[in-house]
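J.: Following this message is one structure expressed as structure tokens.
The values are calculated or read from the model by the stated rules, or taken from the named source; none is laboratory data. Predicted, not measured: the structure shown is a model, and the values here were computed from it. Ideal geometry is used to build each Cβ from the backbone, glycine not excepted, and the neighbour counts take in all protein chains shown.
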Amino acid sequence: MVDRKVEARFTTLYRENYRRRPGRPGTRRPVKTLIVRMARENPAWIKPAPRRAGPTWRQFLAAQAQAIIACDFLVVETVLLKRLYVLVFIEHGTRGLHSNTSSANACRCERSAHGNPRSGTSSS
């Protein structure tokens, strides 16, 4: 038998995380109406910008890869139904991962984002 506390915690997690509709929330009707009105009033607004001289997006990223660091904030549910918050950095040039911190407290993990991402545990 499953302990009632564990069952209640699992049910709460399920309701919070897995019953949401996937994807981006829909745009409300007033916003759609405003966009259509703005497009009608300003026909030049919807025309694509002219092609600029210079590198393509792919060329730009390849040239800047050594300087680009991206980050992601993850929520991990453990086997014991504990919630951990993890802040992960990836260096595009080397594709190295750096996990700066994991915490049961999201605020503590968020505050660590202001530090040096290279100071944490890394795995490549």
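J.: Note down all Cβ pairs under 9 Å where the first residue falls in region 59-82 and is part of a helix (DSSP H, G or I), the second is hydrophobic (A, V, I, L, M, F, W, C), and they're at least six residues apart or on different chains.
T.: The qualifying pairs are Leu61/Ile68.
J.: Right, next: Restricting attention to region 28-43, does a residue exist that is hydroxyl-bearing (Ser, Thr, Tyr) and modelled with pLDDT under 90?
T.: Checking region 28-43: not a single residue is hydroxyl-bearing (Ser, Thr, Tyr) and modelled with pLDDT under 90.
J.: Can you work out which of the residues in region 22-58 that are part of a loop (DSSP other than H, G, I, E, B) and hydrophobic (A, V, I, L, M, F, W, C) is nearest to His92 (Cα to Cα)?
T.: Ala53
J.: Another one. For residues that are under 16 Å from Leu13 (Cβ atoms) and among the small types (Gly, Ala, Ser), tally how many sit in region 67-87.
T.: Looking only at that region, the number is 0.
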